1. Across 10 Å bins from the origin, how do the percents of Cα pairs in region 224-420 run, short distances first?
2. Expressed in whole Å with the largest first, what are the equivalent ellipsoid semi-axes of region 36-146 derived from the C-alpha gyration tensor as the square root of 5 times each eigenvalue?
Amino acid sequence: MSDGREQTEAGVPADAQSWSVTPRLPDYQFVLLLGGISVLGPLATNMYLPALTDVSGSLGATTAAVQQTVAFFMFGLAGGQIIWGVLGDRIGRRGPILAGTAVFLIGSTLCATSDSAAALSSARLLQGIGASAGTVLARAIVSDCFAGNRAVAMMSWQQLIQGIAPIFSPLLGAVILTFRGWRLIFWLLAALSACLLAAVALRLPETRAASGTDEGRRHGEGTPPQPLFRHKELMLRILGGAFCAGVLSIWYNGASTLFRESFGWSLQSTAVLISLLGVLIVVATQANRRLVVRWGARGMIAGTIKASLAVLVPVLLVAIVQPAGADVIVAAGLIFATAAYGFVSANNMVEILALDRSRAGSVAAIAGVATHALGGILGLAISYLPVWGGASIIGLMIATLVAAAALIRGSERAAIKQQTEASGLAAKSSPREK
């Protein structure tokens with residue numbers, strides 16, 4: 001794409017404003033199409049959350065067994081990113097997106113017809129693998145087709161759609177449960193994926209050829225990521241970010257059971273609470289754009305972790321003692337700590353990608369796999385822990401945030417050590433670094 005125009009530091013035309021492929025789609029169709037395929041994962045997670053108790057009763061399964069269906073979906077999202085990322089770089093974007101959407105359609109149909117918790121878990125795993133195609137390849141397509149400010153704008157629209165979905169989908173799931181039962185949730189997801197499958201087949205061109213140079217193949221998302229694992233600073237920060245995101249997985253896997261079964265909240269009240277979290281995460285993400293100018297990305301990350309711990313520790317005591325109104329206090333504390341992730345996600349991703357800009361796609365893929373894999377592990381942990389009035393959920397959140405702080409701090413120390421060694425001053429490093 002070198003055409004003699006002014007280049008930015010990232011090596012893309014500074015005035016690039018449009019597609020680099022044909023046929024050309026109107027921007028709104030492009031946004032809706034990529035937003036649709038990338039939002040399948042959030043929809044399949046949040047529409048389903050209010051139904052956990054109903055699924056347990058319908059299938060005659062234990063609460064733990066049904067909670068594991070959420071964890072299996074997260075495992076599918078994690079593993080699928082590797083599959084579709086590699087295929088996307090080798091054979092193009094369009095084919096893997098069609099295949100992934102078809103897998104999601106099959107998985108959703110199997111979920112709707114499951115007659116046991118084990119069958120539902122297997123179907124959810126398949127559904128997660130299918131949903132991960134949009135998660136990975138929608139970003140790659142934007143990178144293929146846009147540069148400069150246009151790429152930023154399109155990425156922002158995708159993130160907005162992904163942020164809005166968790167706000168409304170729990171309420172929609174609750175309405176469906178009230179009138180038709182939990183199986184209709186999966187039939188609707190199957191219908192949506194069928195519509196997206198047709199739209200991709202009819203309207204989405206192959207975009208890989210637009211940037212299909214050897215350089216692109218070397219640095220695309222499907223590039224084997226093994227060399228990156230030797231980058232200690234990078235890997236520690238990726239793991240730190242994954243543990244920060246762990247509070248979301250803990251919430252997703254434990255909130256419905258806690259408020260409906262332990263606190264006796266109604267289905268509608270629980271759905272409203274879950275939707276409120278989605279609103280607050282969107283608000284936090286947007287507010288972060290202004291706050292980061294003053295405090296910096298690292299300052300925002302560190303400050304958010306400290307604030308969340310400062311709220312969760314006393315709320316843990318409330319959950320243990322269970323005074324009057326404990327359910328409201330626990331809900332407020334969990335909402336605060338979970339919504340605060342909106343102040344971390346973008347900042348940590350910027351820090352991660354800055355460590356190896358030439359392989360940003362591979363770095364993002366590794367970060368995604370780490371986040372979803374850890375989310376699945378934390379989901380399994382929640383399914384085996386007793387509720388204890390929310391004490392188990394809060395305690396696990398505290399442990400997760402402490403681990404995140406330690407890993408991020410370790411990443412910063414690794415950076416300092418690397419800089420010291422590079423300048424030949426390792427032997428004269430400060431006592432703090434020793």
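1. With a bin width of 10 Å, the distribution comes to 9, 34, 34, 17, 5, 0.
2. Each semi-axis is √(5λ); the values are 29, 12, 10 Å.
Bear in mind these aren't lab numbers, they're just calculated from the coordinates by the rules spelled out. Keep in mind that what you see is a predicted model, and the values were worked out from it rather than measured.
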